[in-house]
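Enquirer: A single structure is presented below for examination.
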Amino acid sequence: MKKIKHTSTFFIWVSAIGFALFLFDSTGILTLRMGDARPILLIPLLVAVAMAAREWIGLIFGAVFGILLDTTGYESFCFNMIMLVIIGCLCGLLCSFYVNDNIYAAIVLSFFANLFYFVVRWFFFFVFAARGESLTYFTRYSFPTIIYNTVFIVPFYFLIKYISKKTSYFD
């Protein structure tokens, strides 16, 4: 079986895109907020990268993107890093063994990755913290963000697939 490998150009492009998205979001230049939904664009980007480069690269980029989110996160305590490592590794493993690499699978994986992230976040920071507005937070902020964040997999999937085709070789 041939393994697809990527040149360093792939990693440079993905790192630059991820860092630019993080900077635009954290500085408030480009937040893409729609109502109460505020997307975390690094999650669908991570899903697209994990689909193209599989589990180990998904794990590494999950750690990098998670550390970036933890630097500006409030009360996160490495939460984002742990969650994005799990998401990146699981999406890569699922694409390696069970899921076809197509746009429909990307949308489903992105939806479940966002659902996993926001449900666990809701449990840790609202339910376990015994905040009274926990259900309101989930229905008003988290669920619309899950749906809105899932939409961004479409451009990221095609962008990362294009970059992957241009910077890959067979081993």
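The values are calculated or read from the model by the stated rules, or taken from the named source; none is laboratory data. All of these numbers come straight from a predicted model, not from anything done at the bench. Don't worry about glycine lacking a Cβ; one is built from the backbone with ideal geometry, like all the others, and counts go over all protein chains shown. With ligands, DNA and RNA removed, areas are computed over all heavy atoms of the protein, side chains included. Shrake-Rupley method; radii C 1.70, N 1.55, O 1.52, S 1.80 Å.
Enquirer: Go through (1) open to solvent by 40 Å² or more (accessible area, probe 1.4 Å); (2) within 18 Å of I153 (Cβ to Cβ); (3) touching an Asp or Glu at 6+ places or on another chain (Cβ under 9 Å) for L42 and report which single condition fails.
Expert: Of the numbered conditions (1) open to solvent by 40 Å² or more (accessible area, probe 1.4 Å); (2) within 18 Å of I153 (Cβ to Cβ); (3) touching an Asp or Glu at 6+ places or on another chain (Cβ under 9 Å), the odd one out for L42 is (1).
Enquirer: For the range 3-42, how many residues are under 30 Å from Y169 (Cβ atoms) and modelled with pLDDT of 90 or more? Quick ask: steps written out before the conclusion?
Expert: Let us first name the residues in the range 3-42 that are under 30 Å from Y169 (Cβ atoms), namely 3-22, 41-42.
Applying the additional criterion that residues be modelled with pLDDT of 90 or more yields 9-22, 41-42.
So the count comes out to 16.
Enquirer: Is it the case that K161 is open to solvent by 80 Å² or more (accessible area, probe 1.4 Å) and assigned to a helix (DSSP H, G or I)?
Expert: no
Enquirer: Right, next: Quick one: A130 ticks every box in (1) aliphatic (A, V, I, L, M); (2) assigned to a loop (DSSP other than H, G, I, E, B); (3) surrounded by fewer than 16 Cβ atoms within 10 Å (Cβ to Cβ); (4) in contact with a helix residue (DSSP H, G or I) (Cβ under 8 Å, 6 or more places away or on another chain) bar one, so which box is it?
Expert: (4)
Enquirer: Might you let me know whether the range 73-89 holds any residue that is over 21 Å from Y148 (Cα atoms), touching a helix residue (DSSP H, G or I) at 6+ places or on another chain (Cβ under 6 Å) and in contact (Cβ under 8 Å) with a residue 40 or more places away in the chain?
Expert: no
Enquirer: Under 7 Å between Cβ atoms, at least 6 apart or on separate chains: pull out the pairs that start in the range 158-171 with a residue that is under 23 Å from S110 (Cα atoms) and at pLDDT below 95 and end on any residue that is part of a helix (DSSP H, G or I) and of a type in the set (F, W, Y).
Expert: As it stands, the answer is I163/F10; I163/W13; S164/F10, since those pairs meet every condition given.
Enquirer: Please pick out the residue among I67, I40, I17, I29 that is within 20 Å of M81 (Cα to Cα) and in a loop (DSSP other than H, G, I, E, B). Quick ask: steps written out before the conclusion?
Expert: Numbers: I67 fails: in a loop (DSSP other than H, G, I, E, B); I17 fails: in a loop (DSSP other than H, G, I, E, B); I29 fails: within 20 Å of M81 (Cα to Cα).
Step by step, each of I67, I40, I17, I29 is checked, and only I40 is within 20 Å of M81 (Cα to Cα) and in a loop (DSSP other than H, G, I, E, B).
Enquirer: Among A53, A63, which is within 20 Å of A113 (Cα to Cα) and in contact with a strand residue (DSSP E or B) (Cβ under 9 Å, 6 or more places away or on another chain)?
Expert: Only one candidate passes the filter, namely A53.
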